[in-house]
Amino acid sequence: MRASKQLIPTLKETPQDAAIVSHQLMLRAGLIRQLASGLYTWLPMGLKVLKKVENVVREEMDRAGALETLMPSAQPAELWQESGRWEQFGPELLRFQDRHARDFCLGPTHEEVITDIARNEIKSYKQLPMNLYQIQQKFRDERRPRFGIMRSREFLMKDAYSFNRDADCLADSYQVMYDAYVRVFDRLGLRYRAVDADSGSIGGSRSQEFHVLADSGEDAIAVSTVSQYAANIEAAEALPRESERPAPGAAMTRKPTPNTKTIDALVQGFDVAIEKTLKTLIVEGAEDGTLVALVVRGDHSLNEVKAEKLPEVASPLRMADDAQVRSVIGAGFGSLGPVNMPLLTLVDRSAALVSDFCAGANVEGEHYFDINWGRDLPEPEVRDLREVVAGDPSPDGQGTLEITRGIEVGHIFQLGTKYSEAMNCNMLDQNGKAKPMHMGCYGIGVSRVVAAAIEQNHDARGILWPAAIAPYQVCIVPIGGKKDPAVNDTAEALYQSLKDQGVEVLLDDRDMGPGPRFADMDLLGIPHRVVISSKGLAAGQLEYKHRSNPDSEMLDEASIMDRLG
Ligand code: ATP
Ligand code: MG
Ligand code: MG
Ligand code: MG
C-alpha cells in the first residue's frame, strides 16, 4: 500500500479527553474516531489491526473444532423472557420496539439465541459435544463508557457456546477452549494471566478470566508468588478462610440468616474494606426494628461511586434512620443501576426498603444474579469477607499473594443447564430420554484486545505492535527522491519485490519531509523501517531500523531481507 493512498489522519497533540495511553495513541495514530459516547468508527489502519486479532481468534476457534455462525444483533424479547433475563438484566440491555410495537433488544451476549438454535437443530447426544461461535458486534449500554474501545458500548466479541451431553463432557469442552485461549494470547504476543473468576468454594460451575497484565487495567488480580494460584480480587476475597474451608469435595454449608448482631459485625468488617479497597459497599438501616444490609460487591465502576458518594454515605449510615437509608439508596444505587454490580446480595430483607431498591435497580429482590453471564448464584453466605492485600498467605497454602492489575480480555464459563432448562434445550440420551444439554460459554473481547496490546506495547513515540497484529510489517521511507530518481526507483523496486513475496508493506511516498513521516511511522508502530537515501545508495546500502530498537544500521538489500525474516 502507498501511504499517499492510505488514510493516515495522525494527530500531533494528545486529545484532552483520552485518559489512558491506548486511547490517546489510537486517536493520535488515526486508528479510531468517536461517533458518540462509547461508539467508535474503525478507520482503515485500525481495522487492519482489528481484523488481525479477529483472524487469530478465528483460526484458533476453528482449530479447536468450533463452528462459526453469525447471529443477528437485534433479538426478540420473547427469548429473553423465556430465560428470565428480560426482567433481570438492567439498563445495560438496550431495548427498543419495532414498528409493530414488538419488543426487541440489542444483544449484549447471545446465550438465548444460540440456545434457541441448539434446541431446534440438535437432536441427539450423538451430535455432542458441539461448539458454535461467532465474531460479532455486541451492544451494552455501559453506565460509563470510557477509555475508547477498551470499554465501549458497541464492541466486537468472539462468543462461543458449547453444548454437551453431561457435566464431564462440558468440563472437557471447557478445557479445549482454555487451551485455545492460551494459543490465541500466545500468538498475539501478549503477557497475560488466566485467573479464577469464581471462588470455587461452592461446587458446580467453573469460570476463569484471561487478563492482559497492565498497570492501567481496571481489575485487580491476586497471584501467588510461588504456585499457579491466580484469581481476580473478588474470587480471592470470597474464598473462605482456612478455618471455614470445607474438606475437599464437601459442600459448603451456609450459615443462617444473620441477626442484628452479625450484620453489625459484618458492617464493622466492611468499614475497613470500604476505606482500603473501594471494592465493597454496605448499606444498612433500620426500619420497623429490622436491620437491612445491602451488600454490593461491585467492579471498578463502584470505585467512582464510592469516591463521589461514600464520604457522605459511610458514617451517617451507622445510625441511619429509614429516610437516610432511602436517600442513600436513591443517591448511591438508584443512579448506579444494577449493571455494574456483578454480584448483588440482599441480606435479611426488609420488604419496603428492598423493593424500593429493586425498583430503582430493576432486579428482583429474591434473586441472586450474575449480570455478566446470566448465571444464578448460590445464595449468599454470611461470612467475614476480608480484603486481600499483597503479602497475604495464599489460599492454597503456598507462598504469598501479589496484587497486580489486569485488563479482562477473555472469560470462559461453565453454565451448566441454566439456559437449557429454562428454554427446554434437550437432547435424546442413550435411552431415548430427553435431557437438558450442559452448556459452556466463552468470550473474547476482540476489540478490547487491540487496546490492551497498546497498553502493554508503547513508548514515548507511539505504538510498538506485536508482529502478529501490526497493520503493516514494513514501511519504506524514501528521502530526497525529488532530486535523485535512483532513490524512488530503488524504493519502488523494493516495494514491488516485498509485495510479490507477500510481505505487508507500506511505501511512504507522501509529499512530506522525512521528520513527520518518521514520526508517523513510529506512532503507527510499524515493526520494520527501511529508509532509502542518495547517501546510502552511493555506498550500496539502505538504512534499516526495528521499531523497538533505538539505533538504525546501514545494510545491503540482502541483509535487510534477512532482517525482515
Ligand atoms: P467487564 O468486567 O470489563 O465489564 P464483562 O465481564 O462484563 O467485562 P463478559 O460478559 O465476560 O464481559 O464478556 C466477554 C468479554 O467481552 C470480556 O472479557 C471483555 O474482554 C469484553 N468486553 C465486555 N464488555 C466490554 C466493553 N464494554 N467494551 C469492550 N469489550 C468488552
Ligand atoms: Mg461488564
Ligand atoms: Mg468482568
Ligand atoms: Mg467477564
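A few notes on this one:
- Those strands (runs of 3 or more DSSP E) lying entirely in segment 462-565 with at least 3 residues in contact (Cβ under 8 Å) with a residue 12 or more places away in the chain and open to solvent by less than 40 Å² (accessible area, probe 1.4 Å): 474-478, 505-507, 528-532, 542-546
- Unmet requirement for Gly30, which otherwise passes all of (1) part of a helix (DSSP H, G or I); (2) crowded, with 16+ Cβ neighbours inside 10 Å; (3) touching a residue at least 12 places away in the same chain (Cβ under 8 Å): (1)
- When the residues of segment 87-116 are filtered to those that are hydrophobic (A, V, I, L, M, F, W, C) and more than 22 Å from Leu70 (Cα to Cα), the one that is nearest to the chain's Cα centre (by Cα) is Phe89.
- Any chance Val57 is of a type in the set (Val, Ile, Thr), under 26 Å from Leu128 (Cα atoms), in a helix (DSSP H, G or I) and open to solvent by less than 10 Å² (accessible area, probe 1.4 Å): yes
- Per this entry, Leu31 is counted among residues that are outside the structural domain of Asn426 (by the TED database) and more than 28 Å from Phe163 (Cα to Cα).
- Options Glu218, Glu209: the member that is over 26 Å from Arg63 (Cα atoms) and not aromatic (Phe, Trp, Tyr): Glu218
- Whether a residue is more than 16 Å from ligand 1 (Cβ to nearest atom) and within 23 Å of the chain's Cα centre (by Cα) was assessed, and Thr14 does not pass this test.
- Residues satisfying the stated conditions in segment 65-80, i.e. in a helix (DSSP H, G or I) and without any contact (Cβ under 8 Å) to a residue 60 or more places away in the chain: Ala77, Glu78, Trp80
- Each residue in segment 133-181 was checked for being away from ligand 1 (no atom under 16 Å from the Cβ) and in a strand (DSSP E or B), and 2 of them qualify.
- Test for Leu128: is it in contact with a Lys or Arg (Cβ under 7 Å, 6 or more places away or on another chain), more than 16 Å from ligand 3 (Cβ to nearest atom) and touching a residue at least 40 places away in the same chain (Cβ under 8 Å): yes
- Residues in segment 395-410 that are open to solvent by less than 20 Å² (accessible area, probe 1.4 Å) and either within 16 Å of ligand 1 (Cβ to nearest atom) or within 18 Å of Asn131 (Cα to Cα) (or both): Gly406, Ile407, Val409, Gly410.
The values are calculated or read from the model by the stated rules, or taken from the named source; none is laboratory data. Please read all numbers here as calculations on a predicted model, not as lab measurements. Note that each Cβ is placed from the backbone with ideal geometry, even for glycine, and that neighbours are counted across all protein chains shown. Remember, those area values only see protein heavy atoms, side chains included, never the ligands or the DNA or RNA. Shrake-Rupley method; radii C 1.70, N 1.55, O 1.52, S 1.80 Å.
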